[in-house]
Amino acid sequence: MSLTINDLGKAVLETHYAVRGPIVARAQELERAGKKIIYCNIGNPQALGQKPIAYVRQVLALAEWPELAALAPEAFPADVLEAARAIGANAAGGVGAYSESKGLRFVRQAVARFIAERDSGDGVEVTADPEHIFLTDGASKGVQSALRLLIASSDDGIMVPVPQYPLYSATITLYGGVQVGYYLDEAAGWSLSRKMLDKALLEARAKGTNVKAICVINPGNPTGAVLSRGNIEMVIRFAKEHGLSILADEVYQTNTYRPGERFVSFARILTELGEKEVSLFSFHSCSKGYLGECGQRGGYMEVRNVPGEVLAQITKLQSIALCANLPGQVLVYCLVNPPRPGQPSYERYRAEREGVIESLRRRADLLARGLNDIPGYSCQPITGAMYAFPTITLPEGRTDDEYCLALLESTGICVVPGSGFGQEPGKAHFRTTILPPIDELSEVVGKIKEFHLSWR
Ligand SMILES: Cc1ncc(COP(=O)(O)O)c(C=O)c1O
């Protein structure tokens, strides 16, 4: 007899991943039947029209096919040729060969320089070690690898924000650990509070859970909020007091929309505090920000305050899949090693980068204002990432799952119910991205309003 569902493990069956769940399946069905669908369910910028950065694609094209430089010499500025030459010189066999398990060393060196430059300043010098950097297929694989390492038994718990990005809940379930939710304070712009962290930890311990780590997503998905440096410091002190590792998901670090705001990383604050005992896993990705290269699967994990023998175990886990994909590693190189002022690609790169971020900023503002204009809606300011997570007031007894399905059927707008991310009992939300082009986004807000006012 062929394989049946009963042959599958409980962990697999209990794993859910809301952003590609049943509502999306229904949207695809409606699309096949000819209905226009506006996909606001997933942070996939290029699928909604964000243009790739030319520099990145030029370097990638040459990495894939070095002969192109001679065939179309005018197509490639000198700094692109130089980047491609560096890749050719450092990646034995080019992008068609496996690299070492951690990823190409010269890319990891570039990541280390990037972190040092990003985080140093105002009298603080942050350093990074290429041997503590692992190139991954998107940030997702890095997160999974850290969680794999930390979850050793069915009593092991990982603190995750509520609401959270379902990569965390899904992976913790799959690896057989315990998800320990801590609530974010919506009214205070989705910030973290020490009180909520203590409460979640105490309750979990009282149930016999061995809490091992805390995950923080900054800027937040689905919240669209950027954490204050005070909040980051508080998490580090909390982790230290309770012997927890920190997973800092910083994939939206260039999606910040407050004018003049500079992203503050966990690595920076850890260094400021001179903290040597709290283990930190931080993640970055080529999928978000102005690159938006979700399909290329580039990312990295940087690890701090972890002994060599643990690093060796991470390398071993990486080596099971041999290495991260090489084109993705090239993308990481472009992410962390962009054109510098004075180089031939710089002006175009700068204009494209700022064009993307400025357009996202305008869309974030339009969406938050538009949603707040709907009676029964309340949306916190969107200061980072790519999402809004408004509270919605629903008729007695109705759920956000029903609401989102009805919204889809009626308007073609595909959003994800709050239940997929977690929310306070008795509250209802949905997550929408800010990604549709600005005209379409105005239409989205108008249609949501019309739908909301008539739905019973
Ligand atoms: C918070 C967060 N972390 C990680 C990821 C994974 O991104 P990727 O694997 O494409 O780098 C996403 C994707 O949406 C995300 O929102």
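Observations
- Looking only at residues of the range 1-54 that are in contact (Cβ under 8 Å) with a residue 60 or more places away in the chain and basic (Lys, Arg), we find that the one that is nearest to the ligand (Cβ to nearest atom) is Lys51.
- Residues located in the range 116-146, provided they are within 16 Å of the ligand (Cβ to nearest atom) and on the phi > 0 side of the Ramachandran plot: Gly138
- Restricting attention to the range 413-456 and to residues that are within 23 Å of Glu29 (Cα to Cα) and of a type in the set (Ser, Thr, Tyr), the residue that is farthest from the chain's Cα centre (by Cα) turns out to be Ser419.
- Scanning the range 153-170 for any residue that is at positive phi and surrounded by 18 or more Cβ atoms within 10 Å (Cβ to Cβ) turns up nothing.
- Filtering Leu68, Leu135, Leu60 for residues that are closer than 30 Å to Ser279 by Cβ and either buried (at least 21 other Cβ atoms within 10 Å of the Cβ) or at pLDDT 90 or above (or both) leaves a single hit, Leu135.
- Top-ranked residue of the range 110-125 - restricted to ones that are within 25 Å of the chain's Cα centre (by Cα) and either free of Cβ contacts under 8 Å to residues at least 12 places away in the same chain or surrounded by fewer than 18 Cβ atoms within 10 Å (Cβ to Cβ) (or both), ranked as farthest from Leu322 (Cα to Cα): Ser120
- Residue check, Glu352 more than 26 Å from Lys35 (Cβ to Cβ) and either among the polar types (S, T, N, Q) or in contact (Cβ under 8 Å) with a residue 60 or more places away in the chain (or both): yes
- In this entry, Glu277 passes the filter for residues that are surrounded by fewer than 16 Cβ atoms within 10 Å (Cβ to Cβ), more than 16 Å from the ligand (Cβ to nearest atom), within 30 Å of Glu233 (Cα to Cα) and free of Cβ contacts under 8 Å to residues at least 40 places away in the same chain.
- Residues in the range 391-436 that are of a type in the set (A, V, I, L, M) and not in a loop (DSSP other than H, G, I, E, B): Ile392, Leu405, Ala406, Leu407, Leu408, Ile413, Val416.
- Qualifying residue in the range 301-310 (condition: over 23 Å from Ala128 (Cβ atoms) and over 16 Å from the mean Cα position of the chain (by Cα)): no
- Checking Ile320 against (1) touching a residue at least 24 places away in the same chain (Cβ under 8 Å); (2) out of contact with any Leu (no Cβ under 7 Å at 6 or more places or on another chain); (3) under 24 Å from Val143 (Cβ atoms), the condition it does not meet: (1)
- Test: Leu311 is surrounded by fewer than 24 Cβ atoms within 10 Å (Cβ to Cβ) and either outside the structural domain of Thr383 (by TED's automatic domain parsing) or more than 11 Å from the ligand (Cβ to nearest atom) (or both): yes
- Leu453 vs. criteria crowded, with 17+ Cβ neighbours inside 10 Å and assigned to a helix (DSSP H, G or I): no
- Residue satisfying all of: in the range 163-183; in a helix (DSSP H, G or I) and among the hydroxyl-bearing types (Ser, Thr, Tyr); farthest from Gly9 (Cα to Cα) among these: Tyr168
- Filtered residues of the range 375-417 (kept if within 16 Å of the ligand (Cβ to nearest atom) and either touching a Phe, Trp or Tyr at 6+ places or on another chain (Cβ under 8 Å) or more than 16 Å from Gly446 (Cα to Cα) (or both)): Ile382, Thr383, Gly384, Ala385, Met386, Tyr387, Phe389, Cys414, Val415, Val416
- Single residue of Ala187, Ala97 found to be more than 17 Å from the chain's Cα centre (by Cα), farther than 26 Å from Leu311 by Cα and either at pLDDT 95 or above or not charged (D, E, K, R) (or both): Ala187
The values are calculated or read from the model by the stated rules, or taken from the named source; none is laboratory data. A quick note: this is a predicted structure, and the numbers were derived from the prediction, not measured. Glycine also receives a Cβ, built like all others from the backbone with ideal geometry; neighbour counts cover every protein chain displayed.
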